[in-house]
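The values are calculated or read from the model by the stated rules, or taken from the named source; none is laboratory data. The shown structure was predicted, so the numbers you read here are calculated from the model rather than taken from an experiment. A quick note on method: Cβ atoms are made from the backbone with ideal geometry, for glycine too, and the neighbour counts reach across all protein chains shown. Please note that ligands, DNA and RNA were not included when accessible areas were found on the heavy atoms of the full protein model with its side chains. Shrake-Rupley method; radii C 1.70, N 1.55, O 1.52, S 1.80 Å.
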Amino acid sequence: MVDVKLHGAWASPFSCRVVWALKLKGIPYENIEEDLPNKSKLILQYNPIHKKIPVLVHGRKPICESTIIIEYIDETWPQNPLLPSDPYQRALARFWVKFAEDKGFAVWTLFRSSGEEQEKAKNESLESLRTIEEHGLGNKKFFGGEEIGIVDIAFGWMSLWLGIIEEIVGVKLLEAHLFPRLYAWTKNFKEVPVIKQNLPDCHELLLLFKGVREQALGSSSSSSS
Amino acid sequence: MSESRDVKVLGVWASPFVMRARIALNLKQVSYDFLQETSFLTEKSELLLKSNPIHKKVPVLIHNEKPICESLVIVEYIDDVWTSAPSIFPCHPHDRAIARFWAAYIDEKWFPSMKGISTAQGKGAKKAAIDQVIEGLVLLEEAFVKSSKGKPFFGGEQIGYLDIALGCFLAWLRVSEKMHGVKLLDQAKTPGLVKWAERFCEDPAVKGVMPETDKLLEFAKILFAKMRANLPK
């Protein structure tokens, strides 16, 4: 009987964060795919406040919110640490994880909107990228140094989902000549074996997201379940 | 052991987020220099802009000349560094996850709803905003009951991470109650939190740091007047 269960969704970058953390540590788990428009009763029971995936269930105890789950995983299974051991470096890592959480949503707003709202979201997204480029990576290969860590995982959505959004919306944000460090990071990140083997299929994601954007833009009329 | 010159907190007396850092340091009995931003509403100091170039916000903890930003990150750092003193975080990873979950809820959902009371236009919107804050407090009441397990604080016998995360807002909560003539923390709906609030404010680690309600009320009036003046017409 597997003690660790992950309620997630294949297309969700938040879900993937947890998959990456579990795989990096070699933790066996049962993957339970949730149909997002029709979430299971278990999700509503495990996460009554936000009703969202991912939810990690360990020994029948649920843990919610992807970055909180990752900290839990790191504390419970200490092999291949995802956070530095030095308190100051840990504080820096947590600072960037919070930055990723607080600022990441602008890109999703850009994806779901049009006109003035989209333009504003685009500018905010570019501002965030500039900050990460200037202050976040330095000369390191990864945010975690030589190996990926919690900050890389938190920004992992930029390695695939950002490109998908850019393609669908027709807007280029992460351009190599403007953000050379970050651009190089996305390439390096995707080459890490655990990441490479655990990214959703690009074409499937593109199809799904096209549908999501159409729905978001046409949502003033009707919506599906 | 640390000398006060090694530890500085950049902040303002009225900020609940700054309070978090100070309460945590007090719990660990670490002395520090409190460097107040004196023209906070109009101009930020060079030290602040240098220490937190990304957000340009308080609090900033400066320890051995290294800056740490974001109030909850600071509290965790304090707990990580001063390990001989009582723990701020629970020991068990699951309890830690629960504490982090509710702290994130407070910052991402509940505190914005508190701010919403002041910005709501019209009676209907104001009532809706107040109801939202109370709903949040009811959820936090349940969290308190589960977390405290009959003990005085979320953290058990002593103030912990979640006590700090929520408790820092108590003075502003009282200001809100006075300004809008409502009861937010209420005996009928949140009896556990009502008693918890009294205990929290009486704790030696909190007493010197929590502003007096009337002083904060006067400050709030000036602040909101400035904010209204700056609103686009």
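Among the candidates B:Ala143, B:Ala128, B:Ala165, which residue alone is farther than 17 Å from B:Val73 by Cα and more than 13 Å from every other protein chain (Cβ to nearest Cβ)?
On inspection, the qualifying residue turns out to be B:Ala128.
May I ask you to list the residues in segment A:37-60 that are surrounded by 15 or more Cβ atoms within 10 Å (Cβ to Cβ), more than 14 Å from chain B (Cβ to nearest Cβ) and under 21 Å from the mean Cα position of the chain (by Cα)?
Those that are surrounded by 15 or more Cβ atoms within 10 Å (Cβ to Cβ), more than 14 Å from chain B (Cβ to nearest Cβ) and under 21 Å from the mean Cα position of the chain (by Cα): A:Lys39, A:Ile43, A:Ile53.
Scan (1) crowded, with 21+ Cβ neighbours inside 10 Å; (2) in contact (Cβ under 8 Å) with a residue 40 or more places away in the chain for the single condition A:Asp152 breaks and write down its number.
Among (1) crowded, with 21+ Cβ neighbours inside 10 Å; (2) in contact (Cβ under 8 Å) with a residue 40 or more places away in the chain, A:Asp152 violates only (2).
More than 9 Å from every other protein chain (Cβ to nearest Cβ), on the phi < 0 side of the Ramachandran plot and out of contact with any Phe, Trp or Tyr (no Cβ under 9 Å at 6 or more places or on another chain), is that true of B:Val60? Give the steps one after another, and end with the answer.
Values: more than 9 Å from every other protein chain (Cβ to nearest Cβ): yes; on the phi < 0 side of the Ramachandran plot: yes; out of contact with any Phe, Trp or Tyr (no Cβ under 9 Å at 6 or more places or on another chain): yes.
Yes.
So, of the residues in segment B:182-217 that are farther than 21 Å from B:Ala14 by Cβ and open to solvent by less than 10 Å² (accessible area, probe 1.4 Å), which turns out to be farthest from the chain's Cα centre (by Cα)?
For segment B:182-217, the residue satisfying everything is B:Thr190.
Go over the candidates A:Lys52, A:Lys25 one by one and state the one that is among the basic types (Lys, Arg) and in contact with a Cys (Cβ under 9 Å, 6 or more places away or on another chain).
Testing whether each residue is among the basic types (Lys, Arg) and in contact with a Cys (Cβ under 9 Å, 6 or more places away or on another chain) leaves just A:Lys52.
Only residues that are among the hydrophobic types (A, V, I, L, M, F, W, C) and without any contact (Cβ under 8 Å) to a residue 12 or more places away in the chain: list them for segment A:12-48, please.
Across segment A:12-48, the qualifying residue is only A:Leu44.
Restricted to segment B:93-122, and to residues that are at the interface with another protein chain (Cβ under 9 Å from one of its Cβ atoms) and surrounded by fewer than 17 Cβ atoms within 10 Å (Cβ to Cβ), which residue is farthest from B:Met179 (Cα to Cα)?
So the residue we want is B:His94.
Using the structure shown, decide if A:Ile63 is under 25 Å from B:Leu139 (Cα atoms), assigned to a helix (DSSP H, G or I), within 11 Å of chain B (Cβ to nearest Cβ) and modelled with pLDDT of 95 or more.
Taking the combined requirement at face value, the residue does not satisfy it.
Which members of segment A:161-175 meet the condition of being assigned to a loop (DSSP other than H, G, I, E, B) and touching a residue at least 60 places away in the same chain (Cβ under 8 Å)?
Correct list: A:Val171, A:Leu173.
Among the residues of segment B:152-181, write down those that are surrounded by fewer than 16 Cβ atoms within 10 Å (Cβ to Cβ) and part of a loop (DSSP other than H, G, I, E, B).
Passing the criteria: B:Glu157, B:Gln158, B:Gly181.
Given the conditions (1) of a type in the set (S, T, N, Q); (2) at pLDDT 95 or above; (3) in a helix (DSSP H, G or I), and given that A:Gln215 satisfies all but one, which numbered condition is not satisfied?
(2)
Do you know which residues across segment A:185-220 are aliphatic (A, V, I, L, M), under 20 Å from A:Glu167 (Cα atoms) and in contact with a helix residue (DSSP H, G or I) (Cβ under 6 Å, 6 or more places away or on another chain)?
Listed by number, the residues that qualify are A:Leu205, A:Leu206, A:Ala216.
May I ask you to say which residue of A:Ser128, A:Ser114 is hydroxyl-bearing (Ser, Thr, Tyr) and either over 28 Å from A:Pro81 (Cβ atoms) or under 14 Å from the mean Cα position of the chain (by Cα) (or both)? Walk me through it before giving the result.
Working: A:Ser128 fails: either over 28 Å from A:Pro81 (Cβ atoms) or under 14 Å from the mean Cα position of the chain (by Cα) (or both).
Among A:Ser128, A:Ser114, only A:Ser114 is hydroxyl-bearing (Ser, Thr, Tyr) and either over 28 Å from A:Pro81 (Cβ atoms) or under 14 Å from the mean Cα position of the chain (by Cα) (or both).
For segment B:63-77, how many residues are more than 9 Å from chain A (Cβ to nearest Cβ) and in contact with a strand residue (DSSP E or B) (Cβ under 8 Å, 6 or more places away or on another chain)?
Qualifying residue count, segment B:63-77: 1.
Does segment A:84-108 hold any residues that are within 17 Å of the chain's Cα centre (by Cα), part of a helix (DSSP H, G or I) and either surrounded by fewer than 16 Cβ atoms within 10 Å (Cβ to Cβ) or within 14 Å of chain B (Cβ to nearest Cβ) (or both), and which are they?
Scanning segment A:84-108 gives A:Ala93, A:Arg94, A:Phe95, A:Trp96, A:Val97, A:Lys98, A:Phe99, A:Ala100, A:Glu101, A:Asp102, A:Lys103, A:Phe105.
All but one of (1) away from chain B (no Cβ under 13 Å); (2) under 19 Å from A:Leu24 (Cα atoms); (3) part of a helix (DSSP H, G or I) hold for A:Gln79; which doesn't?
A:Gln79 satisfies all of (1) away from chain B (no Cβ under 13 Å); (2) under 19 Å from A:Leu24 (Cα atoms); (3) part of a helix (DSSP H, G or I) except (3).
Among the residues of segment A:114-126, write down those that are open to solvent by 20 Å² or more (accessible area, probe 1.4 Å) and within 17 Å of A:Tyr183 (Cβ to Cβ).
A:Leu126
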